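Student: Take this structure first; my questions come after.
The values are calculated or read from the model by the stated rules, or taken from the named source; none is laboratory data. This is a predicted model, so every value here is computed, not measured. Note that we place each Cβ from the backbone using ideal geometry, even for glycine, and neighbour counts take in every protein chain shown. For the accessible areas, the whole protein counts, side chains as well, though only heavy atoms, and no ligand, DNA or RNA atoms are used. Shrake-Rupley method; radii C 1.70, N 1.55, O 1.52, S 1.80 Å.
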Amino acid sequence: MDKTINGIYVKTLGKDTNQAIVFIHGFPYDHTLWDDVIDEFKDDYYCISYDIRGFGKSEINTAQFTMQSYVQDLENIILGLKLSKPILCGFSMGGYITLRANEREKYKALILANTATNSDDDKAKLKRSTGISDIDTKGLEPFVNGFLSAAFSEDFIKKEPLKIKSIKENIMSFNPIGIKAALLAMISRTDTAKGLEETDIPVLLITGEDDKIIPKETMELMASKIKNSTFVSLSECGHMSMLENPNGFKSAMRSFLVGL
């Protein structure tokens, strides 16, 4: 079922009496990133995906986004759908949103894919700032090309050119204002390590062996500091773990969920 909650496009699949999982996509994608994963779990779980504000079919309203405002959108969805103790599944920037949400409320469990708790250092802030400037001066396409070449492993790019092309075309349909606003939101985000280390709920961490954006060592260290964590590193994939190794990703999720 498709609906709009406070300007945010939301898609639900499965019975609303089942345990809810809210899937939060990363930058600069939309809810379709999770389609294959949700198809795996929709019969057993109430699966909710949505377009983060400024992406896909969601409204922009303002270009002044923060992780806090993204979390508020997430909480509005949870409230609007009357979800009780959902599981949050966040990828990359969606993981940043999940981690910030975890500081505010207690959820059933967390699934963190290819993400990190640390805020940007100066080098990362300057890189994102340059990205904003380049989008303004050169257009969106060069930025997207550069991002996708870093996000996917070289093998996947060679094997799946049509899939990469489709993903790129989808991103190119988004309003550049939303993409630049997300870059600013990531620049200004705070460190969430303390909240994650203090949580006692189950946490699954999934990474890719060849992730060039957030190295697997970063997530492995995160896992070692969490009281109730499960760490999975997927072979033959980079940052886009659910697309590059979908069977491994879904298997890791399934094993984690049946243990809750």
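Student: Looking at the range 139-153, I want the residues that are closer than 10 Å to residue 240 by Cα and have a partner that is assigned to a helix (DSSP H, G or I) and open to solvent by 40 Å² or more (accessible area, probe 1.4 Å) with Cβ atoms under 7 Å, at least 6 apart or on another chain. Which pairs are those?
Tutor: The qualifying pairs are 148/168.
Student: Mind listing just one residue for me: the one in the range 18-35 that is within 19 Å of residue 81 (Cβ to Cβ) and among the aliphatic types (A, V, I, L, M) and, of those, surrounded by the most Cβ atoms within 10 Å (Cβ to Cβ)?
Tutor: 24
Matching residues to (1) basic (Lys, Arg); (2) closer than 23 Å to residue 151 by Cα:
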residue: 6; (1), (2): no, no
residue: 14; (1), (2): no, no
residue: 20; (1), (2): no, no
residue: 27; (1), (2): no, yes
residue: 37; (1), (2): no, yes
residue: 42; (1), (2): yes, no
residue: 76; (1), (2): no, no
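Student: For the range 1-35, how many residues are part of a helix (DSSP H, G or I) and hydrophobic (A, V, I, L, M, F, W, C)?
Tutor: 2
Student: Going through the range 74-109 one residue at a time, which ones are within 16 Å of residue 184 (Cβ to Cβ) and open to solvent by 10 Å² or more (accessible area, probe 1.4 Å)?
Tutor: 96, 100
Student: Scan the range 87-100 and tell me whether some residue there is in a loop (DSSP other than H, G, I, E, B) and closer than 20 Å to residue 199 by Cα.
Tutor: Within the range 87-100 (the criterion being in a loop (DSSP other than H, G, I, E, B) and closer than 20 Å to residue 199 by Cα), the answer is yes, since at least one residue qualifies.
Student: Please name all residue pairs, on different chains or six or more residues apart, with Cβ atoms under 6 Å, provided the first residue is in the range 240-260 and is farther than 13 Å from residue 41 by Cβ and the second residue is assigned to a helix (DSSP H, G or I) and open to solvent by less than 30 Å² (accessible area, probe 1.4 Å).
Tutor: 240/151; 241/249; 244/156
Student: Please indicate, with yes or no, whether at least one residue in the range 47-70 is more than 30 Å from residue 150 (Cβ to Cβ) and assigned to a loop (DSSP other than H, G, I, E, B).
Tutor: There is no residue in the range 47-70 that is more than 30 Å from residue 150 (Cβ to Cβ) and assigned to a loop (DSSP other than H, G, I, E, B).
Student: A further question on this structure: Select from the range 194-221 the residues that are of a type outside the set (D, E, K, R) and over 17 Å from the mean Cα position of the chain (by Cα) and list them in ascending order.
Tutor: Scanning the range 194-221 gives 195, 199, 201, 202, 221.
Student: Let me ask something additional. Filter the range 76-94 down to residues that are within 14 Å of residue 9 (Cα to Cα) and among the charged types (D, E, K, R), then give me how many there are.
Tutor: Of the residues in the range 76-94, 0 are within 14 Å of residue 9 (Cα to Cα) and among the charged types (D, E, K, R).
Student: Under the condition of being polar (S, T, N, Q) and either crowded, with 21+ Cβ neighbours inside 10 Å or touching a Lys or Arg at 6+ places or on another chain (Cβ under 6 Å) (or both), which residue from the range 168-211 is nearest to residue 68 (Cα to Cα)?
Tutor: Filtering the range 168-211 for residues that are polar (S, T, N, Q) and either crowded, with 21+ Cβ neighbours inside 10 Å or touching a Lys or Arg at 6+ places or on another chain (Cβ under 6 Å) (or both), the one nearest to residue 68 (Cα to Cα) comes out as 192.
Student: Assess whether residue 38 counts as being in a strand (DSSP E or B), open to solvent by less than 10 Å² (accessible area, probe 1.4 Å), of a type outside the set (Gly, Ala, Ser) and under 26 Å from residue 115 (Cα atoms).
Tutor: no
Student: Which residue, of 118, 145, is assigned to a helix (DSSP H, G or I), under 20 Å from the mean Cα position of the chain (by Cα) and not aromatic (Phe, Trp, Tyr)?
Tutor: Checking each option against the conditions leaves just 145.
Student: Sticking with this structure for a sec: Can you go through 193, 223 and tell me which one is among the small types (Gly, Ala, Ser) and farther than 30 Å from residue 44 by Cβ?
Tutor: 193
The rows are residues; the columns are (1) within 24 Å of residue 260 (Cβ to Cβ); (2) touching a helix residue (DSSP H, G or I) at 6+ places or on another chain (Cβ under 9 Å).
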{"site": "24", "(1), (2)": "yes, yes"}
{"site": "48", "(1), (2)": "yes, yes"}
{"site": "62", "(1), (2)": "no, yes"}
{"site": "81", "(1), (2)": "yes, no"}
{"site": "88", "(1), (2)": "yes, yes"}
